[in-house]
Every structure is written in C-alpha cells, then in structure tokens.
Amino acid sequence: MNQKFLKLYVIITISLIALVLSFGQLYNYFFPAATPSIQFSVDEFRSLIENKQYKIKELSASQLIIPESLEQKFAQQGIIKVTIDQQSYVYLKGENLQNFRIGPINLTTGQPTNWAAFITFYLLLGGLILLFIRPIFRDLSLLQSAAKRFSKKPEKIDLAIRSNSSIAPLAGTFTEMSERIENFIQLHSDLSRIISHEIRTPLSRMRFALSISDYSDEENEQIERDIEEIELRLEQYLSFARLEHQHNVFCQSRTHLNQLIESEINKFSLYKELNFILRKDIITVNCEASFMAIAMQNLLINATKYAKQQIIVTTSLDEGFYTIHVIDDGPGLPINAGALIEPFQQGENDNLASGYGLGLYIVKQIASWHGGTISLCNSNETGGADIAIRWPKNDK
C-alpha cells in the first residue's frame with residue numbers, strides 16, 4: 001500500500017506541475033501581448049535622451065537594410081531588435097512611413113527566474129497534495145488490512161475510520177457486509193449440524209427396519225452399503241462446507257484415478273438396465289481424493305437420471321491437463337445449459353427439471369479448488385449430455 005501511495009503521490013504531483021507549466025506556455029502562445037515591446041533600463045533610457053543626436057537616426061526606405069527573415073516581422077510588429085558587431089540596435093517604424101534606428105543600446109534580458117520562489121511554490125503544492133491524499137490512503141490501508149483478516153477469519157469488522165473520511169461510506173458498507181456474511185456463515189454452520197443430526201436419526205431407524213426385513217442377502221447388503229454411503233457423504237459434505245470457508249486445508253495427493261472411478265461406478269450396481277463404460281487413458285492423478293469422489297458421484301447421479309442404456313466415463317491427459325468426461329445417451333442438455341452450474345438452477349425443459357441443482361455447482365467448486373473448470377455440452381457420440389471436469393497436472 002505504501003508503494004502504491006508513493007506512486008500515486010508522485011504521479012499527481014508531476015502531473016500538476018506539468019499542467020501549471022503547460023498552461024503558462026499555452027497562455028503566452030494563444031494570448032500574446034497586444035503591442036510588441038522591447039525592454040531596456042532607466043539608465044539606458046536616460047542615456048538615449050542625452051545622446052539622441054547620434055543614437056537615434058531616421059532612415060528612409062532605401063536606407064533600411066535588414067535581413068529578409070526580419071522584414072516580414074518588422075512590417076507586422078513595427079519594431080525589431082538586431083545585433084550588429086555584438087551591439088544591439090532597435091528598428092522602429094514611425095508614422096508617415098518613417099523608420100528609425102535606435103542604438104547601440106544595452107537591452108535587458110527580462111526578469112531573471114527566482115528559483116527559490118519557484119521551488120518553494122512547488123514544494124507547497126506537493127505538501128498540499130500530500131495532506132489531501134495521505135489520509136485517504138491511510139484509511140484505504142486500514143480497509144485493505146481488514147479485508148485480509150476477513151478472508152482468513154470471516155467475522156464482523158469494525159474499522160477505526162473517522163466519519164468525515166472520504167471513504168467512510170465505503171467502510172460502513174464493508175462493516176455491514178462483514179456482519180451479514182458472518183451471520184450467513186453461522187447460519188450455514190448451524191444448519192449443517194442440524195442436518196447432520198436429523199439425517200442420522202432416520203438412518204438409524206432404516207438400519208433397524210432393515211435388520212427385521214425379509215429382503216434377500218444381496219438386497220440387504222446393497223441397502224446397507226447405501227446407508228453407509230449416505231453417512232459417509234454426509235460427513236464429506238460437512239467437510240465440503242468447512243473447506244468452502246477455509247476452515248480446513250485443501251491438500252492434493254497422488255491418487256489412483258481408475259480405482260476411484262470404478263469405486264463410484266460400483267455404487268450404482270442396482271442400475272441393471274444401465275451399462276457403465278470406463279475408457280481410461282490415465283491411471284494416477286494429483287487431486288484431493290475425497291472431494292474428487294464427491295464430484296464423480298454427482299456427475300454419475302446426473303447421468304443415471306437421464307441415461308437410457310449406457311454411461312461412458314473417459315479419462316485423459318492432454319497438454320498438461322487432466323480431464324474426466326461423463327457422457328450419457330439421454331435427451332441431452334436443456335437450452336440454458338450454462339445456468340445449470342449455478343446453485344439451485346434447473347433446466348428449462350420440464351423433463352429435466354427434476355434434476356440438476358446443487359450437484360453441478362458442487363462439481364464446479366471442487367474443480368475450481370483444483371485450479372480447473374467444468375464444461376457442459378452434448379455428445380456427438382451418444383447425443384446425450386457430456387459433462388467434463390478439467391484441471392492442471394501440477395504434480396510438483
């Protein structure tokens with residue numbers, strides 16, 4: 001912030017100095033003196049009067065000999081200064097076409113520049129600029145520090161900024177925003193705990209009902225796995241919420257991608273009518289395994305809702321990026337496919353409205369944590385949806 005302040009201060013000061021100097025030059029150029037004049041001292045004027053018999057000479061037009069470059073200026077202004085043998089002469093156009101040569105005389109060169117006054121003026125100008133912008137930058141520095149603290153630990157921030165500060169309205173808005181965000185985070189945390197408790201209770205009842213049911217062993221095992229999966233995903237989604245607010249450290253590691261995908265596909269073994277095809281070009285990747293599993297599960301859930309006969313999962317490494325495609329042979333994406341990535345958005349097609357909501361948003365968040373992206377399109381192979389996540393290799 002100090003470097004930015006210094007940079008802005010120098011730019012403003014130099015700009016104002018350049019503006020003042022430029023204005024003076026432009027003023028003299030566009031508004032010159034109405035009558036041309038030549039300066040000489042009082043002593044020289046007194047000497048001129050006392051010796052006018054030989055210092056002032058009347059010249060006829062034929063006797064007026066001056067360079068061509070000065071003839072036009074003399075005709076326009078009626079007065080010019082000429083230096084001959086290091087002596088100064090003034091030619092003056094009189095009335096009735098008379099011309100006079102005055103000299104030799106000693107002309108003054110104008111008022112010398114008072115550098116002390118010049119420098120003092122601009123130092124005062126720089127001081128005024130400093131007094132004006134320094135408090136603003138001080139308050140902005142406080143706001144920046146508060147924003148950094150808020151990014152690490154979201155809580156209400158009270159800024160020590162005076163009410164007459166130029167950025168007081170901005171500081172007030174920031175304080176109000178931080179309070180609202182803190183309340184939302186607290187509400188989110190409370191809801192997560194409530195949901196965790198409320199879901200575990202019916203799951204326990206389901207386990208009890210399952211123990212006294214007359215399902216086959218295979219069906220019992222599958223339902224038991226589903227219940228365990230719900231509990232596992234509940235824990236993972238709570239971790240997801242904590243990670244979203246940076247309460248945990250996101251850590252990538254070397255992961256066997258094929259095993260991860262096959263494990264997720266096996267959880268859909270009850271879908272006997274669907275054929276899962278895995279086309280694997282890569283074996284291991286660098287990722288956060290538990291959250292990549294959540295992403296895969298959401299993509300597979302979406303695919304199973306719309307697939308008719310098959311779901312294709314492909315993995316590839318291209319130009320330093322890992323890519324996972326989940327393709328179904330369903331009706332394809334709705335018109336507003338891009339909006340489906342946003343939370344709680346659904347397709348405009350009524351047949352698809354029951355799906356797509358929070359799932360793709362979660363996939364998008366997980367991809368972004370890996371430094372990647374999510375893309376949606378329709379597959380040329382099956383005609384159904386082709387949803388892909390892509391993230392950089394980053395194996396260091």
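Throughout, read-outs are computed from the coordinates displayed, never taken from laboratory work. This is a predicted model, so every value here is computed, not measured. In this analysis, Cβ positions are derived from the backbone assuming ideal geometry, glycine residues included, and neighbour counts consider all displayed protein chains.
Taking the alpha-carbon distance from Lys272 and a cut-off under 15 Å, which aspartates and glutamates remain once sequence neighbours fewer than 8 residues away in the same chain are dropped?
Within the straight-line cut-off, Lys272 pairs with Glu218, Glu219.
Just check the stretch 54-139 against the gyration tensor rule for me: Cα atoms, a ≥ b ≥ c as the square roots of the eigenvalues, rounded for a/c under 1.5, and otherwise prolate or oblate depending on whether a/b exceeds b/c.
Judged from the Cα gyration tensor, the stretch 54-139 comes out prolate (a/c at least 1.5, a/b above b/c).
Mind checking which lysines have their C-alpha under 28 Å from Lys57, skipping anything on the same chain fewer than 8 residues away?
Lys73, Lys81, Lys93
Before anything else, pin down the relative contact order of the stretch 253-392: Cα pairs under 8 Å, at least 6 apart, normalised by residue count, whole percent.
For the stretch 253-392, the relative contact order is 23 percent.
Report, by chain and number, residues whose modeled amide H sits under 5 Å from the one on Asn378, excluding near sequence neighbours (fewer than 5 apart, same chain).
Hits under the 5 Å cutoff: Asp386.
How would you classify the stretch 84-190 from its alpha-carbon gyration tensor, with a ≥ b ≥ c the square roots of the eigenvalues: rounded for a/c under 1.5, else prolate if a/b is greater than b/c, otherwise oblate?
Prolate.
Order these peptides, 303-314, 85-96, 61-72, by their mean beta-carbon neighbour count within 10 angstrom, highest first.
Per-residue Cβ counts within 10 Å, averaged per peptide and sorted highest first, yield 303-314, 85-96, 61-72.
Could you tell me which of rounded, prolate or oblate describes the stretch 47-90, using a ≥ b ≥ c as the square roots of the eigenvalues of the alpha-carbon gyration tensor, with rounded for a/c under 1.5 and, failing that, prolate when a/b is larger than b/c and oblate otherwise?
prolate
Taking a cut-off of 21 Å, what percent of all Cα-Cα pairs in the stretch 253-392 are separated by more than that?
More than 21 Å apart: 36 percent of the Cα pairs in the stretch 253-392.
Tell me which trypsin sites (Lys or Arg not before Pro) from the stretch 120-190 have a DSSP coil assignment and no more than 13 other beta carbons within 10 Å of their own.
When the trypsin sites (Lys or Arg not before Pro) of the stretch 120-190 are filtered for loop state and at most 13 Cβ neighbours within 10 Å, Arg162 remain.
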